[in-house]
Amino acid sequence: VSGPLAVPGPLVSPGPLAARAAVQFPEITPYLRACAQVRLSVPRCARCGRLQWPPRPRCRPCGHDEFGWTEVPGRGTLYSWTVTHRAPGPEFARLTPYTIVIVSLDVPEELRMVGRMKPTGETPLELRIGDPMVASFETQPSGDVLVLWSPE
Amino acid sequence: MSRPARPVASVLGIGSTPFYRRSGRSVVALAAQAALLALADAGLRVADVDAVVPVGGSVSCDDLVSVLGVPETVFDALPAPGGNSGVSALAVADALLAAGRAEVALVVFARNGRSENRIASRVTDLPGQQFRAFLERPHGWVSPAQWYSMIARRHMAEFGTTKAAMAEVALAARAHAQHNPQAMMFGRELTAGQYDAAPMITEPYQLFDCCLETDGAVALVISHRPRDVSRDVRLLAVRSARPESPDDLTNRRDWFEIGLTAAAKLAFEDAGLGPQDVDTAMIYDCFTFEVLHQLEEAGFCPRGESGRFVLAGAIRLGGVLPVNTHGGLLSEGHLLGLSHVAEAVRQLRHEAGGRQVDGARIAAVTGWGDWGDGSLALLARAGVAA
């Protein structure tokens, strides 16, 4: 367990998110760096040892304010989902219809992450809560690397 | 029933502009009109106002001082923005009165919510923007319809809740609106076939599962001063609370336990009442499923039973708990649920016309906003002991 700057390697793909995070949400930076290196990384409390998500300045169970970062498997189960047919803003129109999933990661803390499903090029898949899901790391035109999800 | 130890505030006046698609007027002008109507309804003057609670940041106290001539020394308090603030504003006003900081509180909501400041431009006022900007927006998860659809899906899977139950919420609201000439959907009936055929927005929500967007204003006058014993509506209790992680839905242990779960329990305790005592309920109906969810968490039916409850006719006029007799956000219009409080007052005054709930004595109003903030107000007809 070590500090937030310990995620090794260069910032592979500094998209606009990473640049803005340095000012607006520095606590997310190690996650974004790990994504650029095709790894899923989450904060672990340096005192109680529990993983938490999303990153917060203090550990919600124990109140401690120091975290290390731990790589976790990009696997989980489907917790909930929606298929969006009407774009909620013009910047999302090119995506519709798109599926957004909430995935419970395969870690004891049952962290849940939200992400878009990787497009299949076909009509949206039949999904069921509890379906096994797997992460993939997709570089966007913006240069950001997003974690997208697919049924395993 | 035990009487609360503190003095009980009353809603002395209500005022509302029409519900517009395009008001063609400034937000301040709308606020002033609703405020003056509420004061006239209360039989009070602008000079009597010594507290202003501008709901949800829609308008400022300074605006009202400038445009209405509210006294410059007025006390102001601003509830957080979001859908919970229509009812949490009552809690703020009640606390100011109870603390002796004011005798007459003016609660105002005003917005050009359709022609000018639509939902997509308002979500950035809500908490947890760092999560929204970096973890959610990049994936296209940005609208309340998308957030709450996730809860609806979970409820469907865990309890077998159906689209038919959501349809019943939409159809009941639309049927009620046919008795409300002020409603945006007055004169526009909705059939089950039209509901089913409507475009999908974000599954499971189709068009008629989603509330309207509206220009307009609502105001209330609240005081400890008794005014007219036949029309004053007593605010027996009002409580507001938050879910476990109010800035984030995703990593909450229990997705169904919301602010309302705690607030309702406290409000019923404060009032010495239970859900069975409520004659009519105004439930914050931003989306159809959220009515089902809140019916359960407020205690009107057990968790998981809301589908059966509504499909048995409970929420219709004539049912065991008529809900949103004005048509609600779904069919009257969306003035942030302060319109729900106004409807509860009309019902308890027995001034609701063709949609009057016979002999209504106790009404409940819920608020819901953000990622599960919630509130419950319990109001009583003048002369009803609690």
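Laboratory data are not the source of any read-out in this text; all were calculated from the coordinates shown. Predicted model, so just to flag it, every value in this text is computed and none were measured. Because the Cβ atoms are built from the backbone with ideal geometry, glycine has one as well, and the counts that use them run over all protein chains shown.
Observations, loosely collected:
- Residue order, fewest to most beta carbons within 10 Å, for A:Thr120, A:Thr139: A:Thr120, A:Thr139
- Folded to 0 to 90 degrees: helix B:163-177 orientation relative to chain B principal axis, Cα: 30
- Orphan Cys of chain A, criterion: no other Cys C-beta under 4.7 Å: A:Cys35
- For the residues of B:203-210, the average number of beta carbons from a partner chain within 10 Å of their own beta carbon is 2.
- Centroid-to-centroid separation of the stretch B:156-223 and the stretch B:40-89 [C-alpha atoms, Å]: 29
- Zone of B:Ser115's modelled label, taken as backbone nitrogen in the stretch B:158-192 under 14 Å from a point 7 Å along Cα→Cβ: none
- Degrees separating the helix B:259-271 axis from the principal Cα axis of chain B, which is the longest one: 40
- Its relative contact order, with pairs defined as Cα atoms under 8 Å and 6+ residues apart, puts chain B at 26 percent.
- The value given for the stretch B:202-305 is a Kirkwood hydrodynamic radius of 16.4 Å, derived from the mean inverse Cα-Cα separation.
- Each of B:Met184, B:Met200, B:Met156 has some number of other Cβ atoms within 10 Å of its Cβ, and from fewest to most they run B:Met200, B:Met156, B:Met184.
- Counting Cβ atoms of other protein chains within 10 Å of each residue's Cβ and taking the mean over peptide A:84-94 gives 6.
- The residue list B:Ile315, B:Val218, A:Gly15 was ranked by how far each Cα lies along the charge dipole of the protein assembly as shown toward its positive end, using unit charges on Cβ atoms, and A:Gly15 comes out on top.
- Amide H partners (placed H, <5 Å) of B:Arg114, local residues excluded: B:Thr214, B:Asp215
- Residue by residue, the stretch B:205-213 carries 3J(HN,Hα) couplings of 8, 9, 3, 7, 7, 10, 6, 7, 10 Hz when phi is fed to the Karplus relation 6.51 cos²θ - 1.76 cosθ + 1.60 (θ = phi - 60°); x denotes Gly or Pro.
- Neighbouring Cβ atoms from other chains, within 10 Å of the Cβ of residues in B:249-255, number 5 on average.
- Computed over the stretch B:277-359, the P(r) curve from all C-alpha pair distances, binned at 10 Å from the origin, holds 19, 54, 26, 1 percent per bin.
- Equivalent ellipsoid dimensions for chain B as semi-axes, Å, which come from the Cα gyration tensor, largest first: 30, 23, 21
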